[in-house]
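Taking it in order: structure first as C-alpha cells, then the write-up.
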Amino acid sequence: MKPLKSSQVDLAIVGGGINGAGLALLAAKAGLSVALFEKDDFASGTSSKSTKLIHGGIRYLEQYRFSLVFESLHERQKLLKLAPHLIHPISILLPCYKTDRRPPWMLKIGLWLYDILAGSSNIARHRWYSAEETKIIAPTLKTDGLKGCGLYYDAQVNDARLVLENILAAEEAGADCLNYCCVNQIDREEGFVRVFFQESRTKENGVLQAKCLVNAAGPWANQITKLISENALSLIRPTRGSHIVMPEVLSQHAVLIMTPKDNRIIFIVPWRGFSLVGTTDLDDPDDPNKVAPTEEEIQYLLREASRVFPGSIWDRNQVLSAFSGLRPLAWSGGEQASSLSREDKIQSEGNVISIVGGKLTTYRSMAEKAMRKILKITGQSKKIPRDLKLPGSIENSWDEFLKKNVPQWISTFKISESQANHLAGLYGQKARDVLALIEKDARFREPLHADRPELSAQVVYAVLSEKACHLEDVMLRRLEIGYSPQRWGSASEKASRLMAEQLGWDETNRLVELEHYRQSLFPTPDK
C-alpha cells in the first residue's frame, strides 16, 4: 500500500465517485491536507453508469425545479470550457406524437424556458421542426402520428474519465487518493475523527486522524453512517438506473422520448459508434455491490426505443452490453422514484459531513457548498479556488488543439488519424505523455484490436499514471472498450498481458484477472 503523506489530515473523504473526487480537488487546491478512500476503483459505481450527459435537466421544468435547472445549465457551460476533450455539445431531438401526454405548445414553452434559464451560458437556441422537416434531419425516426419535433442542446461526457481527472488533479495538488482501500471503522473523538482502513490487495491496515470527515460514498452512504453510529438514520433512497448499448440508429443527434404508459423519459444517445439507451428509475434497497439490470428493464428499454425507431426492430440478441447504477437520492418517503428530487443535500453533524443527491453536472457547485462547511469545522480561513484545471485541460480552443496536434502525432508517431483523434478526445493535452511511451517501446504502438483505435501504450499508461490495478479498471473505465463488441477475446488478452508485465502478475493471476473481467461483462461475451 502506498504510504500516506501524513497520518493526520484536515479532511478525510470516503468515496471516489464524482462528488468525492471533485471535493478532493477543491480542498487540496485550497491548501487543505486531504486523504480520499475508495473501496473499489474510482468511478466504478454510479459515476461511470450514467447516461453520459452533462445537462440542465429539461424534465425538471414541469416539476417547477427551476433553481436546479438554472444551476445545472450554468455549471454545464463551466464544464464545457474546463474539459472540451471529455465534454462536448450534443443536439437532442424531442419528437411529439399525437398519443403523447404533452402537446406541442407545452414542449415549445419548455424549450423556450430552457433557453431563458441558460442565458449567456446557452449553447445554441432551440428550434422547432414540422413533421416533414423532421423526416429530413432524422429519417429513421417514427413519422406515423408525428406532430413536430424540437431540437435543443446539452452536452455529452466521458463520465469515468471526468472522475479520474479530478482524482489525478487532486493528487497533483497534494491529496492522497487511494483506490481499493476500504474504510472499515470510524471513531469520533474530541475534535477529530479516526479512520481505520484496509488495502484490499495486500490486506494492509492503516489508521488516519482527520479534523473533518466527508461521507461521499454515494449508494454506500447509509453503510458509512452505520460505521459511525449503529442507530444512524438512512441518508439516501437508492434508485436504480439501467442502460443498454445497441447498434446505432442516429449518429448526429440524441433523442429524448416520452413513454406513454408511465410518463417517463428515455434518452437514445449516440455513443462511441453505438446507441446508449436509458434510463430506468426504480427503487433498489438491496446490496449496492450487486446492482445489475433486470431482464424486465432490458425489455422495457428495447420496447420503448423500438417504438420510435420502428425500422430498427431491436431484439434481445442485439443488446451489446448493459449496465446499472444507483442514484444516491436524498431520503424521501412514498413518492414515485422518478419524482424524487435530484437536488443535492449536504448534512453535517459535528465534524462529519454527508453529501447525498445531486447530479453529475453540478458536482463542482456541490463541492463548493461542502467546502464552506468544512472550513467552518476546521477553523480555517482558506479561499475557495475557482480555477480548477484538470490534467487534460487545454489552453486554446478545441479546434485549434486538434489542428495543431493531430497531424503532428500522425507524422511523428506513425499512428492513424482515428487513433490520434481518439487520444486527443480521451486525454487532452496528456495525450503527449501516452505517445511518449511509444518512443520507449515500439510494441506500444500496436492496437488492442484491429477494429478499435486503442493503443497498447494506453494500457501501460493506465497502470503507470492512472492508478489502474485490475484489468476491469482499464477495459471499462480508463478506455471503455469493455462496452464495445470487441470487449472480449484478443483485446482483453493483449491488455492482460501488458498489465502482467507492468504489475508482475504470474500466469495464474493473469487468468484470474481475465475471469473476473469476463464476469463483470453483460451479457456474457461470446468466446
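The values are calculated or read from the model by the stated rules, or taken from the named source; none is laboratory data. Because the structure is a prediction, the values reported are computed rather than measured. Cβ atoms come from the backbone with ideal geometry, glycine included; neighbour counts cover every protein chain shown.
So VAL157 passes all but one of these: (1) at pLDDT 95 or above; (2) out of contact with any strand residue (DSSP E or B) (no Cβ under 9 Å at 6 or more places or on another chain); (3) farther than 30 Å from GLU349 by Cα; (4) β-branched (Val, Ile, Thr). Which condition number does it fail?
(2)
Can you tell me which residue is surrounded by the most Cβ atoms within 10 Å (Cβ to Cβ) among those in segment 383-432 that are of a type outside the set (A, V, I, L, M, F, W, C), more than 16 Å from HIS85 (Cα to Cα) and not assigned by TED's automatic domain parsing to the domain that holds LEU448?
The selected residue is PRO385.
Checking the condition touching a Ser or Thr at 6+ places or on another chain (Cβ under 9 Å), under 21 Å from SER48 (Cα atoms) and surrounded by 15 or more Cβ atoms within 10 Å (Cβ to Cβ), which residue from GLU454, GLU480 passes?
Step by step, each of GLU454, GLU480 is checked, and only GLU480 is touching a Ser or Thr at 6+ places or on another chain (Cβ under 9 Å), under 21 Å from SER48 (Cα atoms) and surrounded by 15 or more Cβ atoms within 10 Å (Cβ to Cβ).
Assess whether GLN486 counts as being outside any helix (DSSP H, G or I) and closer than 17 Å to PHE323 by Cα.
On the way: outside any helix (DSSP H, G or I): yes; closer than 17 Å to PHE323 by Cα: yes.
It is true that GLN486 is outside any helix (DSSP H, G or I) and closer than 17 Å to PHE323 by Cα.
Do we have any residue at all in segment 32-42 that's buried (at least 19 other Cβ atoms within 10 Å of the Cβ), touching a Lys or Arg at 6+ places or on another chain (Cβ under 9 Å) and not in a loop (DSSP other than H, G, I, E, B)?
The answer is yes, given that some residue of segment 32-42 is buried (at least 19 other Cβ atoms within 10 Å of the Cβ), touching a Lys or Arg at 6+ places or on another chain (Cβ under 9 Å) and not in a loop (DSSP other than H, G, I, E, B).
Only one of these is within 24 Å of PRO328 (Cα to Cα) and either modelled with pLDDT of 95 or more or among the β-branched types (Val, Ile, Thr) (or both): GLY16, GLY45, GLY57. Name it.
Being within 24 Å of PRO328 (Cα to Cα) and either modelled with pLDDT of 95 or more or among the β-branched types (Val, Ile, Thr) (or both) holds for just one of GLY16, GLY45, GLY57, which is GLY16.
What number goes with the only condition from (1) in contact (Cβ under 8 Å) with a residue 60 or more places away in the chain; (2) assigned by TED's automatic domain parsing to the domain that holds TYR152 that TYR114 does not pass?
(1)
So VAL245 clears everything in (1) outside any strand (DSSP E or B); (2) in contact with a helix residue (DSSP H, G or I) (Cβ under 6 Å, 6 or more places away or on another chain) except one condition, right? Which one?
In the conditions (1) outside any strand (DSSP E or B); (2) in contact with a helix residue (DSSP H, G or I) (Cβ under 6 Å, 6 or more places away or on another chain), VAL245 misses (1) alone.
Kindly provide the set of residues from segment 285-317 that are touching a residue at least 24 places away in the same chain (Cβ under 8 Å), farther than 30 Å from ASP40 by Cβ and in a helix (DSSP H, G or I), ordered by number.
Those that are touching a residue at least 24 places away in the same chain (Cβ under 8 Å), farther than 30 Å from ASP40 by Cβ and in a helix (DSSP H, G or I): GLU304, ALA305, ARG307, VAL308.
Quick test of your reading of the structure: LYS81 fulfils all but one of (1) buried (at least 19 other Cβ atoms within 10 Å of the Cβ); (2) without any contact (Cβ under 8 Å) to a residue 60 or more places away in the chain; (3) charged (D, E, K, R). Name the failing condition by number.
It is condition (1) that LYS81 fails.
Is segment 267-274 home to any residue that is closer than 19 Å to CYS149 by Cβ, of a type in the set (A, V, I, L, M, F, W, C) and at pLDDT below 95?
No, because not a single residue in segment 267-274 is closer than 19 Å to CYS149 by Cβ, of a type in the set (A, V, I, L, M, F, W, C) and at pLDDT below 95.
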